[in-house]
Amino acid sequence: MIFPFSLSGLKNWQIKKLIEKASGQFIYPATVIKYIGNHRSDPVQQLGIILDIDNSQTGNPYAEIDALYTFILKSAQVRYEEISPILFTMFPYAFYGEKGIEFVSRFLRISILKIRTLLV
């Protein structure tokens, strides 16, 4: 697996916090690496978001991984909600190429860059 960013750039406190959140479970760091490896997002920003996930459950050994999965699933729902209007209006793009993206951008009041980013 190729890491999405240089692990040497991590600060000691970030590594310690990841280890703490992992609670000895390999699946936690594996999921974090896969999540921050998403090419649509800045890995440093994504890592910061992961480290800031607040887990209020105490005593549950799976609380951190549950919080991580919940966050990932909720963010997937948000992404779907962002992209679905674009998908439903992409019909003109199929026929008009770049002009179609400009039409969708004006119609939905979304920047062309955001449309391209969401469709990658």
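Observations, loosely collected:
- Residues of segment 29-49 that turn out to be among the polar types (S, T, N, Q) and modelled with pLDDT of 85 or more, as a count: 1
- Residue check for Gly48: open to solvent by 40 Å² or more (accessible area, probe 1.4 Å) and not polar (S, T, N, Q): no
- Of the residues making up segment 61-79, those that are over 16 Å from the mean Cα position of the chain (by Cα) and open to solvent by 60 Å² or more (accessible area, probe 1.4 Å) are Pro61, Tyr62, Asp66.
- Boolean, Ile86 is among the hydrophobic types (A, V, I, L, M, F, W, C) and at pLDDT below 70: no
- In segment 50-60, the residues that are within 24 Å of the chain's Cα centre (by Cα) and either part of a helix (DSSP H, G or I) or at pLDDT below 85 (or both): Ile50, Leu51, Asp54, Asn55, Ser56, Gln57
- Filter result (modelled with pLDDT of 85 or more and either surrounded by 14 or more Cβ atoms within 10 Å (Cβ to Cβ) or under 15 Å from the mean Cα position of the chain (by Cα) (or both)) within segment 1-28: Gln14, Lys17, Leu18, Lys21, Ala22, Gln25, Tyr28
The values are calculated or read from the model by the stated rules, or taken from the named source; none is laboratory data. The model shown is predicted, which means the values in this text are computed figures rather than measured ones. Heads up, the Cβs are rebuilt from the backbone with ideal geometry, glycines too, and the neighbour counts pull from every protein chain shown. These area figures cover heavy atoms from the full protein model, side chains too; ligands, DNA and RNA do not enter into them. Shrake-Rupley method; radii C 1.70, N 1.55, O 1.52, S 1.80 Å.
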